[in-house]
Amino acid sequence: MFLYGVSIFSDVTNPWELPIDERILNRKDVSHIVLETRPGGFRVTLLINERFPYNYKSKSSAFYYSNIKDSKEGLELAEKLDRYLKSGFNMKIRFNGSEIYEFILDESIQ
């Protein structure tokens, strides 16, 4: 269907149609990528800022990935995520509470 030359169907994923444990992120959403030392090991934390107009009443949250063996692996993951997000692509995360259990780095995610 077309409406004045514009398709009403879009390749962009509607965030309201995602399962409750999935989220699509891009560089605008992730303000910091942090490698943390914890008593049980290491974890990579994504500090995420909800975007509101002019960041008024914005809400920040932290999601972490803790399945890391050592600091070298954590640093490599943090740099990989940073490079991917800087390239302009979106990534999808699957999480339980605040813990990320899967990163989906697919350039076709809209």
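The values are calculated or read from the model by the stated rules, or taken from the named source; none is laboratory data. Quick caveat, the model's predicted, so the values are computed rather than measured. Note: ideal-geometry Cβ built from the backbone for every residue, glycine included; neighbour counts use all protein chains shown. Heavy atoms of the whole protein, side chains included, go into the accessibility calculation; ligands, DNA and RNA do not. Shrake-Rupley method; radii C 1.70, N 1.55, O 1.52, S 1.80 Å.
Values computed for the structure shown
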read-out	value
When residues of the stretch 64-93 are limited to those that are surrounded by 14 or more Cβ atoms within 10 Å (Cβ to Cβ) and in contact with a Lys or Arg (Cβ under 8 Å, 6 or more places away or on another chain), the one farthest from VAL30 (Cα to Cα)	ILE68
SER61 modelled with pLDDT under 90, open to solvent by less than 90 Å² (accessible area, probe 1.4 Å) and more than 22 Å from GLU107 (Cα to Cα)	yes
